[in-house]
Amino acid sequence: MISVTNNVAAADMAKMCELALAGQFTEAEEINNRLMALHHDLFVESNPIPVKWAAYKLGLISEPNLRLPLTTLSESAQPVVLKALQQAGLI
């Protein structure tokens, strides 16, 4: 599956796909619903800026800085992504 969310919630995304392939749609939908805000809010600014910042917050990368022409996630968008990570149960 190609997914931006997969960059920061790989285990959840893999489990969701496994459940769907096994015909366990209710369980797969529960995971998707838990990740819904994250799916949406990782696009609060241009991709890949929010997902890189999320990866930083999760300790997957050492710093949130990106190479130009990209910039770090704006201070106003950081609480949006942080809340989505919390709602997804990742933080």
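Take the residues in the range 28-85 that are basic (Lys, Arg) and either modelled with pLDDT of 95 or more or assigned to a helix (DSSP H, G or I) (or both); name whichever of them is surrounded by the fewest Cβ atoms within 10 Å (Cβ to Cβ). Here the residue is LYS83.
Listed by first and then second residue, the pairs with beta-carbon distance under 8 Å, at least 6 apart or on different chains, first residue in the range 19-32 and closer than 19 Å to ALA9 by Cβ, second of a type in the set (A, V, I, L, M) and surrounded by fewer than 17 Cβ atoms within 10 Å (Cβ to Cβ), are ALA28/ALA20.
Count of the range 52-66 residues, restricted to those that are closer than 16 Å to GLN86 by Cα and either without any contact (Cβ under 8 Å) to a residue 12 or more places away in the chain or of a type in the set (Ser, Thr, Tyr) (or both), is 2. Among the residues of the range 1-27, those that are in a helix (DSSP H, G or I), surrounded by 17 or more Cβ atoms within 10 Å (Cβ to Cβ) and either on the phi > 0 side of the Ramachandran plot or of a type in the set (A, V, I, L, M, F, W, C) (or both) comprise MET13, MET16, LEU19.
The values are calculated or read from the model by the stated rules, or taken from the named source; none is laboratory data. Values in this document were obtained by computation on a predicted structure and should not be read as measured data. Note that each Cβ is placed from the backbone with ideal geometry, even for glycine, and that neighbours are counted across all protein chains shown.
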